[in-house]
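Working notes, beginning with the structure itself.
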Amino acid sequence: MVKNYFLKMFAGIAFLGLLTACNTTSDPTESIPNPDDGPPPKKVLAKVTSNNVSQEEYTTLAVTGDLQAAVSKDEFASGSAYFTGTVTYTNKNITKIKYVSSAASSLVYEFNIVPDATGKKIYNATSTATGATPSVSVVSDYAFTYDPVTSKLTKILEKRKEGGISAYNRFIDYSFVYNGNNVIQVVCSKGILDINGNPNMGTAVISKYSFQNYDAQKSPYSTLPSVYFITRSLISPVNFYKISPNNPTSMFIELPSPATPVNTAQSYSYDNQGYVVVEKNQNVTFTYKNL
């Protein structure tokens, strides 16, 4: 009897185990740990919209997130014209970016980039801005200066050939001011080169781009290569804040007279990883892609 009792007990346990196994098979998710317990997926900025109208779009590789192309508003054309920036890599480093506008009147910009040893910074670069005629086209040569201690970009000197002239005749000096790792001001000085090819600052006209009161959250643009945003900012310096790791809550733009200074305020909402998802004042939405 004792033997039969234990046999029946073991058979019952085995039967319960079989039921448990069958139940797990029918609903396998019950045995999978909550995915929220693991690290959040890496993400990359995919799209920026304002009032449900696309302003920027970024095409990236599915696994690595490497930027392949970017679409952004053409600031120099009216209406809905946009630039498409196509990115070329050499040995995994960005070495060329070409911007073509949907507006026939806009210049075509092509940047050729020499990366530094890390591949994350620009050692030097050249560009062509090609228009309908040589008189509106520009050839540029850029020299980049970095702080030897912090490695922050402190200056870009652009020497330009304008008006179809074969020699460099003009310059733009971009000087950077930081608070921590964030760019808080870029001073652009535009003038004439002297007979020795050096900037004559006495001829310079000044524009100032101030990016103020940064938050402590993650910039959506920090998910994309700063090399791209540097070249995009050399076309339009108002974009220089995009190389910062955080988000400015106000911008103050001072262009040469008679232009009136422009001040805008930004207020953000964030996701649970600290990335901006909405800029509330201008109703701008940021959409990401998980890698």
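Numbers below:
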quantity	calculated
Candidates THR249, THR154, filtered to the one that is over 20 Å from ALA125 (Cβ atoms), among the polar types (S, T, N, Q) and in contact (Cβ under 8 Å) with a residue 12 or more places away in the chain	THR249
Meets criteria (modelled with pLDDT of 95 or more and in the same structural domain as GLU56 (by TED's automatic domain parsing)) for THR118	no
So ASP173, is it more than 30 Å from ASN51 (Cβ to Cβ), at pLDDT 95 or above, acidic (Asp, Glu) and exposed (fewer than 15 other Cβ atoms within 10 Å of the Cβ)	no
Unique residue being under 24 Å from GLU75 (Cα atoms), among the acidic types (Asp, Glu) and more than 19 Å from the chain's Cα centre (by Cα) when the list is GLU254, GLU279	GLU254
Sole residue being in a strand (DSSP E or B), of a type outside the set (Gly, Ala, Ser) and in contact (Cβ under 8 Å) with a residue 24 or more places away in the chain, chosen from ILE172, ILE113	ILE113
Test result for PHE229, in contact with a Ser or Thr (Cβ under 6 Å, 6 or more places away or on another chain) and aromatic (Phe, Trp, Tyr)	no
Sole residue being free of Cβ contacts under 8 Å to residues at least 24 places away in the same chain and of a type outside the set (Lys, Arg), chosen from GLY191, GLY197	GLY191
So GLU158, is it over 21 Å from ASN263 (Cα atoms) and in contact with a Ser or Thr (Cβ under 8 Å, 6 or more places away or on another chain)	yes
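Residue by residue, here is whether (1) β-branched (Val, Ile, Thr); (2) part of a strand (DSSP E or B) holds:
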{"residue": "TYR214", "(1), (2)": "no, no"}
{"residue": "VAL238", "(1), (2)": "yes, no"}
{"residue": "SER257", "(1), (2)": "no, no"}
{"residue": "ASN263", "(1), (2)": "no, yes"}
{"residue": "SER269", "(1), (2)": "no, yes"}
{"residue": "VAL278", "(1), (2)": "yes, yes"}
{"residue": "PHE286", "(1), (2)": "no, yes"}
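The values are calculated or read from the model by the stated rules, or taken from the named source; none is laboratory data. Everything numeric in this text was worked out from a predicted model, so none of it was measured. When we count neighbours, we look across all protein chains shown, and the Cβ atoms used for this are built from the backbone with ideal geometry, even at glycine.
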